[in-house]
Amino acid sequence: MAVALAQAMRDLNAGKVRPLYVLSGDEPFQASEFSEKLRSQLLKDQESGSFNYDVFDAETVAPVDLLASLDTLPGLFDAADSIRLVICRRFEKASAALLERLESYVKNPNPQTCFLILSEKIDKRKAWLKDIDKLGCLIEVAEPYDRDWPKWRGFFESRCAKTIEPLAWEVLVEASNRTLALVATEVEKAALYVGDRAQIESEDARAVAGTGTTEDIFQLSEDVVNRRPLAAMLKLQKVLANGESEIKLLSIFLRHFRQVSQALMLADKGIRDPKILAPQIGVPPFFVPKILNQARLYTRASVDKVLARLADCDYHLKRGEGTLWGDFLVPHFSTESPGAVS
């Protein structure tokens, strides 16, 4: 059974180190964070690190070399509780010979070696994974869902030792195309930009994000959801002239309309408290009243049709056919009333 990365991190902080870890997923930031956490936890100094740390590439490593490293004991002058760290990257490229040789190892791993396998994808049907589950830990990582992004703000605040204004966080996330590794870079840039100040504000985020284009995209999405065709057309021309991708814009519209849809569904159940709604729809609490106001322009049926039209437009754009304006925005604005979207 897979465990969350946060739980695996907490176990490490509590001193619980397993002999086997498999980290599966194509999100690089979390894989890097966990690898570095293991290194800092197990390799206390540079001298032990040079002997007790090996990294291999699954596509090129000889099985005998990897097994020899896994079976090697810590140095004679290391502490009695020292543990070696061996990392094998790109394990999805592992040969059949390597997998066969590892089957016996995972049944009886070296207790003084921590073996971390990094793989973009993993076949859970493999028998050796069941042994990993008994003695080790399977961790799955991916880009956060919309509802998860607010939780990551606290993580990065702790990481950069600064508070991040909620609107600044939204700017940084959108400027990074909702990609965790890029968000990490943008937060680091913003922290350096503000210097000794304790908080990253929205103006700081816009400054490091590189232009007012991100703000224009936010306003464009607002115009689309609020059905302001002329304002949307003018902003669309501006952001496209600045090099923004139509597919990226569509993904932002899709997320915005999904938030409206979720707000409608929860409001129908009588749930309107921003503190309850915010984590459900993936926005800071102060955004909830705005989303609820926008939701009044739609019914559940009409917003479902908007989402279906966005899906059709996405299909055509990815095939190199049509445009965002012609395939989605014109039909969207052509309806007589939001409650009767055709």
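Quick look at the numbers
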| item | result |
| --- | --- |
| Potential lengthening between Arg159 and Ser95 on full extension [0.36 nm per residue; Cα-Cα distance subtracted] | 19.3 nm |
| Compactness index (Cα Rg / 2.2 N^0.38 Å), segment 238-295 | 1.32 |
| Highest average packing first - 119-128, 90-99, Cβ atoms within 10 Å | 90-99, 119-128 |
| Quotient of Cα Rg and 2.2 N^0.38 Å for segment 112-226, N being how many residues it contains | 1.41 |
| Förster-model FRET efficiency, 41 Å R0, Tyr53 and Leu307, C-beta, rounded to 0.05 | 0.25 |
| Accessible area of segment 76-162 divided out per residue, in Å², using a probe of 1.4 angstrom | 58 |
| Listed peptides 247-256, 145-154, 169-178 by packing density, highest first (mean Cβ within 10 Å) | 169-178, 247-256, 145-154 |
| Quotient of Cα Rg and 2.2 N^0.38 Å for segment 100-162, N being how many residues it contains | 1.57 |
| Order by protection proxy (mean Cβ within 10 Å, highest first), peptides 202-209, 188-195, 239-246 | 202-209, 188-195, 239-246 |
| Euclidean distance of C-alpha centroids, segment 263-342 and segment 123-145, integer Å | 36 |
| Length-normalised contact order of the chain in % [C-alpha pairs under 8 Å, at least 6 apart] | 15 |
| Bins of 10 Å from zero: percent of alpha-carbon pairs in the chain | 5, 21, 24, 21, 17, 10, 3, 0 |
| Segment 291-339: translational diffusion in µm²/s, Stokes-Einstein, Kirkwood Rh over Cα pairs, 25 °C, 0.890 mPa s | 213 |
| Cross-link pairs beyond the 27 Å C-alpha cut-off, checked among Lys248/Lys275; Lys235/Lys290; Lys93/Lys124 | Lys248/Lys275 |
| Segment 184-337 - convex hull of the alpha-carbon atoms, volume per residue in Å³ | 126 |
| Dimensionless Rg over Rh [segment 163-261; C-alpha; Kirkwood] | 1.00 |
| Under 5 Å, built H, 5+ apart or other chain: amide partners of Ile200 | Thr163, Ile164, Glu165 |
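The values are calculated or read from the model by the stated rules, or taken from the named source; none is laboratory data. Values in this document were obtained by computation on a predicted structure and should not be read as measured data. We place every Cβ from the backbone using ideal geometry, glycine too, and count neighbours over all the protein chains shown. Protein only, heavy atoms only, side chains kept; ligands, DNA and RNA dropped before computing areas. Shrake-Rupley method; radii C 1.70, N 1.55, O 1.52, S 1.80 Å.
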